[in-house]
Amino acid sequence: MLLQRRRLSVPRTIERLCAMQAQYSPSPYLALWSRLHGFRKEQLTRALEQRRVVKATLFRITLHVVSARDYPLFAAAFLPSAQETTPRVTGATVAKLSRLVTEAASKGPITHEELEALGSEGLGGLRWRTRTLAPLIHIPPSGTWRFHGRPQLVAMQQWLGVELPSREEGAKNLVRSYLAAFGPASQTDLLRFAGVRSVDVRPGLEQLELRTFRDEGGRVLLDLPRAPLPGGDVPAPIRFLPKWDSSLLAYAPPERERILPDRFRKTVIKPNGDVVPTVLVDGFVAATWNIDKKENLEITPLRRLTRAERAEIDEEGERLREFVVG
């Protein structure tokens, strides 16, 4: 959805994007602004408040915003995988801790500190892994524009009124959603994006009808039948991407070069995993951007920009600045 802005609902758009990384709260808003006609901040805020969209810990044990329809299916595929790969912890221990956490978060909101107090000792002190013990939703205002407070969490069953589907259903939905957003892509790309094992997505890979390609290096790439394949000569407009936009993280290296030239990789993706906001020119990262404390837009070119490219960046950048500060 970076070649042409669309007119879709917020939940439907997020489903088209599979999942949007969301530890920096403005990022999903900016990602939607770059993909939708006339997007306004209140549209995503309202979708979160109305429980049509949720924020939760998901793929790679990282915060994401996803549709309420997709979340149970994603959780069914990801959470068991994360639990089973927790070092030195038995399945019985994980099951016991999961019941404790689910029960506590079903009675009312809990904090991350309370979650860690319930589960970290049983996980050998792995505090971060407590976030994979149960499907937990961040209650708004967590997830809303500029929220930086301490989030409260509630059990998915209470917030959405649904139970986890089967792992098989979750696997098929994950494969389908990922390829709809990022195909053609390899199985390794999928596993890297979701932070799961091949066994976790096998039902999707084996039971869905998929088409295959080979890239220039001979790797097998997967895609959905009849998925669009724009030609290399299709014009790609200037687009501003937020921190951690999934377009940059959807592929395993070196496949990120399809959008992020390798010579810019260390500038854009920091050693600590931080991914800076970027500007796409003709479909490739060509600059980074920032809005400073005085609400000025700063553009840092990563390569020489033509006068026409810079004019287009400045024009689109001013629209972005108005969205951010407005």
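The values are calculated or read from the model by the stated rules, or taken from the named source; none is laboratory data. Quick caveat, the model's predicted, so the values are computed rather than measured. Positions of Cβ are backbone-derived with ideal geometry, glycine not excepted, and every protein chain shown enters the neighbour counts. Heads up: the accessible areas ignore ligands, DNA and RNA and are worked out on the full protein's heavy atoms, side chains in. Shrake-Rupley method; radii C 1.70, N 1.55, O 1.52, S 1.80 Å.
Summary of computed values
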quantity	calculated
First in region 211-226 and touching a residue at least 40 places away in the same chain (Cβ under 8 Å), second anywhere and aromatic (Phe, Trp, Tyr), Cβ under 9 Å, 6 or more apart	Leu222/Phe213; Asp223/Phe213
Unmet requirement for Gly143, which otherwise passes all of (1) in a loop (DSSP other than H, G, I, E, B); (2) over 16 Å from the mean Cα position of the chain (by Cα)	(2)
Criterion (open to solvent by 10 Å² or more (accessible area, probe 1.4 Å) and within 20 Å of Leu179 (Cα to Cα)) met by exactly one of Leu97, Leu73, Leu32	Leu73
Count of region 160-184 residues which are outside any loop (DSSP other than H, G, I, E, B), open to solvent by less than 30 Å² (accessible area, probe 1.4 Å) and not hydrophobic (A, V, I, L, M, F, W, C)	4
Members of region 22-59 found to be under 11 Å from the mean Cα position of the chain (by Cα), at pLDDT 95 or above and within 18 Å of Ala250 (Cβ to Cβ), listed by number	Ala22, Ser27, Pro28, Ala31, Leu58, Phe59
Which numbered condition Leu123 misses (of (1) closer than 17 Å to Arg51 by Cα; (2) free of Cβ contacts under 8 Å to residues at least 40 places away in the same chain; (3) open to solvent by less than 30 Å² (accessible area, probe 1.4 Å))	(1)
Filter result for Ala19 (touching a residue at least 40 places away in the same chain (Cβ under 8 Å), crowded, with 17+ Cβ neighbours inside 10 Å and touching a His at 6+ places or on another chain (Cβ under 7 Å))	yes
Wholly enclosed helices (runs of 4 or more DSSP H) of region 185-280 bearing at least 2 residues more than 30 Å from Glu315 (Cα to Cα), open to solvent by less than 40 Å² (accessible area, probe 1.4 Å) and at pLDDT below 90	none
Helices (runs of 4 or more DSSP H) lying entirely in region 18-118 (those with 3 or more residues that are more than 20 Å from Asp245 (Cα to Cα) and touching a helix residue (DSSP H, G or I) at 6+ places or on another chain (Cβ under 7 Å))	71-84, 91-107
Yes/no for Leu297 being closer than 25 Å to Arg16 by Cα and of a type outside the set (D, E, K, R)	no
Subset of region 101-120 [surrounded by 15 or more Cβ atoms within 10 Å (Cβ to Cβ) and either out of contact with any strand residue (DSSP E or B) (no Cβ under 6 Å at 6 or more places or on another chain) or free of Cβ contacts under 8 Å to residues at least 12 places away in the same chain (or both)]	Val101, His112, Glu114, Leu115, Glu116, Leu118, Gly119, Ser120
Enumeration of residues in region 126-138 that are touching a residue at least 24 places away in the same chain (Cβ under 8 Å), open to solvent by 30 Å² or more (accessible area, probe 1.4 Å) and in a helix (DSSP H, G or I)	Trp128, Arg129, Arg131
Every residue from region 287-318 that is part of a helix (DSSP H, G or I) and in contact with a strand residue (DSSP E or B) (Cβ under 9 Å, 6 or more places away or on another chain)	Glu309, Arg310, Glu312, Ile313, Asp314, Glu316, Gly317, Glu318
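For every residue, the table says whether it meets (1) among the hydrophobic types (A, V, I, L, M, F, W, C); (2) more than 20 Å from the chain's Cα centre (by Cα).
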| residue | (1), (2) |
| --- | --- |
| Leu79 | yes, no |
| Thr85 | no, yes |
| Ser106 | no, yes |
| Pro109 | no, yes |
| Leu118 | yes, yes |
| Thr132 | no, no |
